[in-house]
Every structure is written in structure tokens, then in C-alpha cells.
Amino acid sequence: MTDAITYERIGDIAVLKAQNPPVNALGVDVRRGLLAGIEQAEADGVKAVLIYGDGRTYFAGADIREFGKTPLEPYLPDLCNRIEASPLIVVSAMHGTALGGGLEIALSSHYRVAVPSARMGLPEVNLGLMPGAGGTQRLPRLTGVEAAIGIITSGRQVDATEALELGVVDKITEGDPREIGLAYVKELLDAGVVRRATGELPLASGVDFDAEYDRVLKKGRGQLSPAVAVRGIQAAVEADSFLAGMKRERELFMELMETDQRQGLIHAFFSERAVSKLPELKGVESRALNAMGVIGGGTMGAGIATAALLANLPVVLIEMTGEATAMARGRIEGNLEGALKRGKISQEKYDHLTGEALVLSTDYAALSDVDLVVEAVFESMDVKRDVFGKLDAHCKPGAVLASNTSYLDVDEIAAATSRPQDVVGLHFFSPAHIMKLLEVVVAKETSPETLATGFALGKLLKKVAVRSGICDGFIGNRIMNAYRRAAEYMVLDGASPYQVDKVVTGFGFPMGPFAMGDLAGLDINWAARKRRAPTRDARERVPMFYEMLCEGGDFGQKTGKGFYIYEEGKRGGVPNPAVAELIAKDQAQQGVTARDFSDEEVLRRYMCAMVNEAAKVVGEGIAQRSLDVDMVMLFGYGFPRFFGGPLKWADIQGLEAVLADIKSYARADDFFWAPAPLLEQLVAEGKSFDDLNKG
Ligand code: T1G
């Protein structure tokens, strides 16, 4: 026995308890303990075995930290087969989240009982994998093939009620997993049940697996694992035997284990958890967060207020006039109605949030009790400094004063108050009640408690909070400006905007840069370009076709025309023929001779620009770790999760090759393509961006 699994005999029942916090992951000690426990039970001559988890959950899956390392026996699929083959009655009692290999252990048990709050699933596809310990072979034998395809390819969790309906669990009982497990084992023994091996249940299906494979592959938008999992389920139906099906599942699983996407998705899994763990905040208490203020009830302010209300945080929203507060209320109620329609909140909750939890006022005195205020007013330094002066006068001592600015200098904003230590940037992404990214921008005087409170708010609002230093665009927008500029250079030099958009969506982004510009409004970036123009370096190339399009009043979807033409009632747009004329005019004016770009070069340049700027952002300390950049791009800019983020992608490509390409591009433009010093340093030292995430 190992400490991870304890063995206890109670009459005719052997009890195997997992105690491997925090989630009873099925690491090698747990697997060895389970195997030893089954063997011990059989040697003891008991009649039944109960398996359950101590602590917060039944097994939550294989130990993801073991992936990529030499596998140690007993391998999980063999352990599952060994449990199922036991001549004893094997019962699992489930609570918490029985996921992946955890559910596979339960499926190889002969009977299953769960507490009402238990949830279960096979989320391996979210890690770039598929069930690899019999999940594709046993689950369909209980639920049927169609339901199994839905659960396995989506990776979704199933609650206990649905699990009972599907036949995944046999009984739901309120109580402690040990108690309900023992009671159920006794009930089964009294009933004289026989062992019921899931793998021996018959399975047939008329599903067209090729069609299912194609459907799932298309839906995955470049992610492989869900579609490959379909082939595993197909083997359960078509293989000559259960063991042949298990063998096929293992082959497919090992193929996925070798993919870059497995590396990318597991990097994303751990980075999403590490990004909000800052060494500088170790032992630092955040301040209490019981009520929040929002200044400005426009789209952003209303979205931020909505996010707070949905997290049960009362909100005082300040606008300048009664009419503006009414407009703000309308926006917030509209957002909450969306949550109501989607079943995220009940009518009663909606009424409470809009009736009591939300207070609107034109008087800053209403902010006297809030613990944190976020301003989302017009992006003007004068306006923001005026607002912070008022906040300083009206908010209680210790209240955190935050700006939602997307690029203004938070140090300058903080200087408008007598308490710069309480000032921080909280850069939300629109729509603020939907987008998960929150950039927490640290100013020179921001205190550790203020920073900790910013991260505590992020956690409360279920955001992915990322620490950022101060620069134009912080982390995400600064990097986006770089790869968007690279796209414009390619168009000026001969690529079409539509080719670029197609290549970028083919890589896995939801939209390309030109379609995205049309969606956000070309005028927003146009204003930013005009703002930067006075300080622009003389060496910077400036594509003017963008300006020409804006000067013509074509700002994208909001005006019906931009890089694409948007017709009433039609989804998406069609290329705007006027754009080609503007590009040609720009090329003539700048003396550019257009050339063709292969799709490969388009993608490579786009990604190299992203990686190069990201390396500058990390090298300058604006982002502390490379995983911070990866999480910003995943949760704020639609970077395809299966690559893990731009810097994980670069590691997988090989930094030497990335740097070599950047240097080759620099031959024609050594200003934009100046290699990032950090990238050069890592290549010289033979290191990776991931090395910067350690320690
Ligand atoms: N392996 C190793 N560590 C894990 C882990 C796992 N499976 N799951 C969680 N952790 C760590 C996590 O990194 C964090 O560590 C701590 O536990 C708390 O997690 C053969 C191959 C279970 C729903 O995909 O979905 O089985 O940051 O912060 O929000 O077919 O963790 O404290 O150091 O997320 O309450 C399949 C993944 C694996 C489940 C709990 N299983 N985990 O959420 O806490 S592949 C999964 C989760 C597999 C077989 C295949 C969640 C959770 P730290 P947390 P939480």
C-alpha cells in the first residue's frame, strides 16, 4: 500500500481511500496503491471493494504533471482493466469532480454511486489528448455512442442527475462519500448482485463515424484531439474485441501525446493557474471587497458593472446626468437580460441585481462606502485626472482607485490624487462581462495591497488577471499593434487583406486583423495612429491606405463599409473593391512594387512580428514572465489555445529559426524588424521562453 491509498477491511468489504491532495490526481503512487489494494482485497477473501476519495474530490484525472515524462507502471488503462477483471464486487463512490482517468477508474468499477453535487466528465480533449484508459470504450457501453461522442469531444462536465439518466452512475445519495459508498455496497451484497463488467456490455451503433469525424474536426477549428477521439469511440463499436478496442484507443492516445497541441494545451492549463500567482504578493493580504464603484456608464462601464453584479458585488455607478444614468441602467439591464435568457441567473436574481444591488447616481458622495472604484470614462488624460481628483475627495481611506484606461499613463493619473499607493490600472476587455482577460497595470507607487486587491477582484469576477507594467498599450494592445502593422506592411507590399485574414483564421484565430478592425471600428485605431504620429520615428514605414479608407468615412461594420462591405441582414462582409484602389494608390505614392506572398510567408511574418514584440514586452519587464503574454493573447485576443500562446508557439517552432526569419525580414526594414534583445539572448544561451516561467 502507499500513503496515497489506504486499505481498511470492514467485514466483507475492503475500503480503498485516496488521499493525494489537492485533487487526488492519479499519480504513480495512487495507481500503485489501487493495484495493491485490489490484490490485497482478493487475497483477504472479502466480497466487495469500495473506492472513494478523501478531501475535495474523487480522482480528478491522471496526473498531468507526468505527461511528457517516461510513463511508470502500472499504466492507467491496465489498472482499469485489472479493477474491472476483479472477481469481487467493485464499487466507486464519487464526489467533487471525477474527471478523465478518474471517471475511467469509476467506469471500470462494477457499480457507481454519487453525491448529488458530484460532477464528472472526460475533458482530455481540452489538454490535446483523448481518454486513454478505456473511456472511449466503456462510456459508450453505458450511454450509447451518440451521447458518448458529445461528452468526449466537448470535454464537458456532466452533473450527477444527468449521469444517472445516462447510466453512468447507478444511484445518487446525499452524504459523505465513504458512508454512502459503504451503504451502497451493503445494499448490493444484500441483493446478491453479480459483478457487472462495463467492458463486457454489448455495443452497436449506426453512426457514420467518418461524417462525425469531419463534423468534429471542422468544429474544432484546427484542434485535432476531439476528432481523433471519435476514432477511439469508433473502435469500441468496430474492433473485434474489447481488448482490441483498448489497443486502438491506446495507439490514438499516444499519437496525440506526441503532438504540439498537447504541449500547447497543457501549457495553457498550468499557465492559466500560475498567471495570478505573483511572488511579490506572497503573504500580502488584499483589502475587503464588499462594494464597488464604477464611473461612467457607457459600454465599458456598464460591462464592468454587469461583471461585478454577476459576481454578487453591489455597484454604485456614477454618471454626469440623470439621463446618462438612465442610459447606463438600460445597458446593464440589457446585459443581465442576456444572462437571464441564457439561464445564468434566475428572474429573482435579476430582480435583486437591478433592484437593490445596483445604485446609480450623479453624486460622487454616493461612493463613500465602496472598497474599489473603476473609472471607465473618455480616454482623455484631463478627464481622467479630473475624475481621480473627485475620487480622492469622496472615497474612504484605503479604497482602491482604478482606471480602465487602455493606454494612458497610470502614473500620471495617480499623481492627480493624494494617495497614489491606492491607484492601479484595471484594463477590462469589451464586452467586460464576457471577456475573461483583465490586465492589472502597476504604477510606480501602487502598493502591494492595492495590487493584491486588483487580483482579488479579478478572481471574484472569474477573470484571468495578468500583471502589466506601463507602456503604450500595456501587454496586449502593444503586441496587437505590432502584428497588425506587419499585416499592413504585407498588404502594402502586395498581399491582399483578404489573403491575410484567411491565413490568420486558418491558423486558428476567430478573425483576421482586417475583419477585426472592421468589427472594432477602424476609426479607433485611426485615432491612436494620429495620437502617435507626432512622436513617430522617422524610420517607421506608414501604410497610408488605412488612413485613406478612414478619411473616406469607411470605419467598418459601424458604417457598413471598411475593408469589407456589410449588407443589411447578412452575416460577415464581402471584400470592398475600393480598398484595392487605395492600396494601389498608396503603392504608387510610396514607390512600392507589389509582389506575391505565399500563405506560409504571410503566417510566418504575422507570427514573427507577434513573437518579436512579445519578447520586447517581456525583456522590458512590462510582462514578468512569458506565460503572462501567452495568457493575455489567449484570453484577450483569440489566440488559438491549442498552441498555448505566441511564446509557447515560438518555443515549439524553435527560437533559432524564428530569429533567423526576423533577421531576414530586417534586411528590408531594420526598424520594424529590429530583433528583440531577449530573443537574441535566449537563442545565444540555447534557452526557451518557457525557461523564463520557472522559478
Ligand atoms: N493533474 C495534476 N495537477 C492537477 C490536476 C491534474 N489532473 N488537476 C488539477 N491540478 C492542480 C492544479 O494545477 C492546481 O495546482 C490544483 O490542482 C488545484 O486545481 C488517461 C490522460 C479538478 C476541476 O483534465 O479541471 O486523465 O496551482 O486550481 O479550480 O484518460 O483542476 O494549486 O499548484 O484547477 O477547484 C484529466 C484538470 C487529466 C482535470 C479543480 N483531468 N483539472 O478545479 O482547482 S488527463 C483533467 C481541473 C487524463 C486519462 C487522461 C480542475 C478541477 P496549484 P485548480 P479548481
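Brief remarks on what is shown
- Within segment 179-197, one or more residues are among the small types (Gly, Ala, Ser), assigned to a loop (DSSP other than H, G, I, E, B), closer than 22 Å to GLU249 by Cα and in contact (Cβ under 8 Å) with a residue 60 or more places away in the chain.
- Qualifying residues in segment 667-686 (those that are surrounded by fewer than 14 Cβ atoms within 10 Å (Cβ to Cβ) and not in a helix (DSSP H, G or I)) - the one nearest to the chain's Cα centre (by Cα): GLY686
- Some residue of segment 450-471 being touching a His at 6+ places or on another chain (Cβ under 8 Å) and on the phi > 0 side of the Ramachandran plot: no
- Restricting attention to segment 140-159 and to residues that are outside any loop (DSSP other than H, G, I, E, B) and free of Cβ contacts under 8 Å to residues at least 60 places away in the same chain, the residue that is surrounded by the most Cβ atoms within 10 Å (Cβ to Cβ) turns out to be ILE151.
For every residue, the table says whether it meets (1) without any contact (Cβ under 8 Å) to a residue 24 or more places away in the chain; (2) over 31 Å from the mean Cα position of the chain (by Cα); (3) crowded, with 24+ Cβ neighbours inside 10 Å.
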| position | (1), (2), (3) |
| --- | --- |
| GLY45 | yes, yes, no |
| ALA48 | no, yes, yes |
| ASP54 | no, no, no |
| TYR58 | no, no, yes |
| ASP63 | no, no, no |
| PRO87 | no, yes, no |
| VAL90 | no, yes, yes |
| GLY102 | no, no, yes |
| ILE105 | no, no, yes |
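- Candidate set from segment 142-178 (those that are closer than 30 Å to TYR213 by Cβ and of a type in the set (S, T, N, Q)); member that is farthest from the ligand (Cβ to nearest atom): THR143
- Sole residue being among the basic types (Lys, Arg), assigned by TED's automatic domain parsing to the domain that holds ALA515, modelled with pLDDT under 95 and surrounded by 12 or more Cβ atoms within 10 Å (Cβ to Cβ), chosen from ARG532, ARG571: ARG532
- Boolean, SER271 is in contact (Cβ under 8 Å) with a residue 24 or more places away in the chain, within 14 Å of the ligand (Cβ to nearest atom) and not in a helix (DSSP H, G or I): no
- Once segment 25-64 is narrowed to residues that are near the ligand (Cβ under 8 Å from one of its atoms) and charged (D, E, K, R), the residue that is nearest to ALA118 (Cα to Cα) is ARG56.
- Test: residue in segment 253-262 that is within 15 Å of the ligand (Cβ to nearest atom), within 30 Å of LEU451 (Cβ to Cβ), under 23 Å from the mean Cα position of the chain (by Cα) and polar (S, T, N, Q): no
- Where a residue in segment 414-434 is of a type in the set (S, T, N, Q) and its partner, wherever it lies, is part of a loop (DSSP other than H, G, I, E, B), with Cβ under 7 Å and at least six apart: GLN421/GLU445; GLN421/THR446; GLN421/SER447
- Check on ARG138, among the basic types (Lys, Arg), over 19 Å from THR57 (Cα atoms) and assigned by TED's automatic domain parsing to the domain that holds VAL113: yes
- Filtered by the rule that a residue be over 20 Å from MET246 (Cβ atoms), more than 8 Å from the ligand (Cβ to nearest atom) and hydroxyl-bearing (Ser, Thr, Tyr), segment 97-119 gives TYR111, SER117.
- Tabulated pairs, segment 654-666, first loosely packed, with under 14 Cβ neighbours inside 10 Å, second not small (Gly, Ala, Ser), C-beta under 7 angstrom, 6+ apart or interchain: GLU656/VAL683
- Leading residue by the ranking (farthest from GLY128 (Cα to Cα)) among those in segment 28-64 that are β-branched (Val, Ile, Thr) and at pLDDT 95 or above: VAL46
- Scanning segment 7-38 for residues that are within 17 Å of LEU99 (Cβ to Cβ) and in contact with a Pro (Cβ under 7 Å, 6 or more places away or on another chain) returns a single hit, ARG31.
- Checking the stated criteria, GLY293 turns out to be touching a strand residue (DSSP E or B) at 6+ places or on another chain (Cβ under 8 Å), outside any helix (DSSP H, G or I), under 22 Å from PRO431 (Cβ atoms) and not assigned by TED's automatic domain parsing to the domain that holds LEU627.
- Subset of segment 5-22 that is of a type outside the set (D, E, K, R) and surrounded by fewer than 21 Cβ atoms within 10 Å (Cβ to Cβ) - its residue that is nearest to the ligand (Cβ to nearest atom): PRO22
- Within segment 515-546, the set of residues being in contact (Cβ under 8 Å) with a residue 60 or more places away in the chain and of a type outside the set (A, V, I, L, M, F, W, C) comprises ARG532, ASP537, ARG539, GLU540, ARG541.
- Test: THR321 is under 22 Å from LEU426 (Cα atoms), hydroxyl-bearing (Ser, Thr, Tyr) and surrounded by fewer than 18 Cβ atoms within 10 Å (Cβ to Cβ): no
- Among (1) surrounded by fewer than 17 Cβ atoms within 10 Å (Cβ to Cβ); (2) under 19 Å from LEU317 (Cα atoms); (3) more than 20 Å from the chain's Cα centre (by Cα) - the single one SER418 does not satisfy: (2)
Yes/no per residue for (1) within 19 Å of THR450 (Cβ to Cβ); (2) at pLDDT 95 or above; (3) hydrophobic (A, V, I, L, M, F, W, C):
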{"position": "LYS344", "(1), (2), (3)": "no, no, no"}
{"position": "ASP351", "(1), (2), (3)": "no, yes, no"}
{"position": "LEU360", "(1), (2), (3)": "no, yes, yes"}
{"position": "VAL373", "(1), (2), (3)": "yes, yes, yes"}
{"position": "ALA376", "(1), (2), (3)": "yes, yes, yes"}
{"position": "GLY389", "(1), (2), (3)": "yes, yes, no"}
{"position": "ASP392", "(1), (2), (3)": "yes, yes, no"}
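- Beta carbons closer than 8 Å, at least 6 apart along the sequence or on distinct chains, pair a first residue in segment 373-395 that is farther than 21 Å from VAL359 by Cα and assigned by TED's automatic domain parsing to the domain that holds LEU457 with a second that is surrounded by 13 or more Cβ atoms within 10 Å (Cβ to Cβ) and among the aromatic types (Phe, Trp, Tyr) for GLU379/TYR407.
- Scanning segment 120-133 for residues that are touching a residue at least 40 places away in the same chain (Cβ under 8 Å) and near the ligand (Cβ under 8 Å from one of its atoms) yields PRO123, GLU124, ASN126, LEU127, LEU129, MET130, PRO131, GLY132, ALA133.
- Flag if TYR546 is at pLDDT 95 or above, closer than 20 Å to ALA609 by Cα, surrounded by 16 or more Cβ atoms within 10 Å (Cβ to Cβ) and of a type in the set (Ser, Thr, Tyr): no
- PHE67 vs. criteria at pLDDT below 95 and either near the ligand (Cβ under 9 Å from one of its atoms) or under 21 Å from HIS267 (Cβ atoms) (or both): yes
The values are calculated or read from the model by the stated rules, or taken from the named source; none is laboratory data. Small disclaimer: the values here were computed from a predicted structure and weren't measured. For neighbour counting, all protein chains shown are included, and Cβ atoms are generated from backbone atoms with ideal geometry for every residue, glycine included.
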